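J.: Sharing a structure with you now.
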Amino acid sequence: MTAALIDSFGRMHNNLRISVTDRCNLRCVYCMPEEVTFFDRRELLTFEEISRFVRIAAPLGIDKIRITGGEPLLRRELPRLVELLVAVPGIRDVGLTTNALLLEAQAKPLFDAGLRRLNVSLDTLDPARFRQLTRRDGLEQTLRGIEAAQRAGFTRIKVNAVIMRGINDVDVGPLARHARQRGWEMRFIEYMPIGAEAWEREKVFFAHEILEAIEREVAPLAPAEDYDPRAPAMDFCYSDGGRVGIIASVSRPFCHRCNRLRLTCDGKLRNCLFALDEVDIKDLLRSNCDDQWIVERLRENVAAKWEGHEINTARFVKPLRTMHAIGG
Ligand code: SAM
Ligand code: SF4
């Protein structure tokens, strides 16, 4: 491996999130607006362009990839991208984040292509609140998708729920209980200012409140023994070994341990979810420049990474892109 991707705060970057589309079959209120102009297909990186970038980044220490979107299962032939990525020397971990609406049909082909890690987003078990949060129907389809993934061979499926006060905070207990019964690892996420709607701090249901709700309504939790300080989730265990994670991006930012970079579906490199600047990787990939030139732009982008997102300060500036066009 050549010199690693280390920024000016000493953070080593090994984790790349790749968005494959900005389209989505839901319209989650915390993520995107109802009306959107999506990128033209020609604007999207091809699978070959994505895998070339990953081949360039892997020798610099990128070994963990997560495919995301928008809704990644809307991108045609996604298993082919998984095959390309798992074959890149140095890549040891390829995961996917999906709303699972299309997972029933795609779980097996994705597993067969080499995908092993799956995160599914599901914020409630109540059909009316599902519609309120996602502006669409689809709860039953999502649940069928998760079951199909379990049948296809995915183990330790993580189910992500964004919790908004006054909307689905009542779902923390039921989701945790349901997940515990089915062997899913539930991960509760604090609501961040990255969606289309004006963010209100009052709507953040904080990590300690999530923890209290689970302990009150489900069972006591203890910190997990293999707690990974580099991982964004604070991991907890039930006494029988079941796990719950809490991603406290607002009340307990993990910026000082951040190891992530993001490549948007239109080929822009972002060194932070909340970054205001991007590097146009697509332009470089489509020009005649050699790999070394791209390595240098990648290094510059990592070196320029700021200390943290500043959500909790008056200096915070919300990026123009909303989550669906960045890749969560
Ligand atoms: N469509 C896929 C899905 O929903 O799983 C993948 C893309 S989605 C943008 C990735 C993750 O970002 C989801 O788990 C979603 O809940 C999370 N997310 C979106 N907007 C968020 C927000 N404002 N605060 C916290 N998490 C958010
Ligand atoms: Fe779509 Fe995922 Fe955003 Fe919901 S969170 S609108 S499923 S991209």
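What follows draws every value from the coordinates through simple rules; no lab data is involved. Predicted, not measured: the structure shown is a model, and the values here were computed from it. Positions of Cβ are backbone-derived with ideal geometry, glycine not excepted, and every protein chain shown enters the neighbour counts.
J.: Could you identify which residue out of 54, 172, 29 has the top mean-square fluctuation in a GNM of the chain using Cα springs shorter than 10 Å?
T.: Comparing 54, 172, 29 in the GNM, the peak value goes to 29.
J.: While we're looking at this one, here's another question. Ranked highest first by average number of other Cβ atoms within 10 Å, how do 93-104, 175-186 line up? Can you show the working numbers first?
T.: Details: 93-104: 22.2, 175-186: 19.1.
The peptides rank, most packed first, as 93-104, 175-186.
J.: Would you give the gap between the C-alpha center of segment 291-328 and the C-alpha center of segment 65-86, rounded to a whole Å?
T.: 22 Å
J.: With a ≥ b ≥ c the root eigenvalues of the C-alpha gyration tensor of segment 214-328, is it rounded (a/c under 1.5), prolate (a/b larger than b/c) or oblate?
T.: Values: a/c = 2.70, a/b = 2.11, b/c = 1.28.
It comes out prolate by the Cα gyration axes.
J.: For residue 286 and residue 36 in one chain, what is 0.36 nm times their gap in residues minus the Cα-Cα distance, to one decimal in nm?
T.: The residue 286-residue 36 span can extend by a further 87.4 nm.
J.: In straight Cα distance, which lysines are under 22 Å from residue 282, not counting same-chain residues fewer than 8 positions off?
T.: Reachable lysines: 64, 268, 305.
J.: Next question, about the same structure. What FRET efficiency would be calculated for the residue pair residue 197, residue 150, taking the C-beta separation as r and a Förster radius of 30 Å, to the nearest 0.05? Could you put the intermediate results ahead of the total?
T.: Details: r = 34 Å, r/R0 = 1.12.
For R0 = 30 Å, the calculated efficiency reads 0.35.
J.: Same structure, new question: Excluding same-chain residues fewer than 8 positions from residue 108, which lysines have a Cα within less than 16 Å of its Cα?
T.: Correct list for residue 108: empty, as no lysines qualify.
J.: How many nm is it between the label spots at residue 112 and residue 320, if each spot is 7 Å from the Cα in line with the beta carbon?
T.: Result: 4.3 nm between the two label points.
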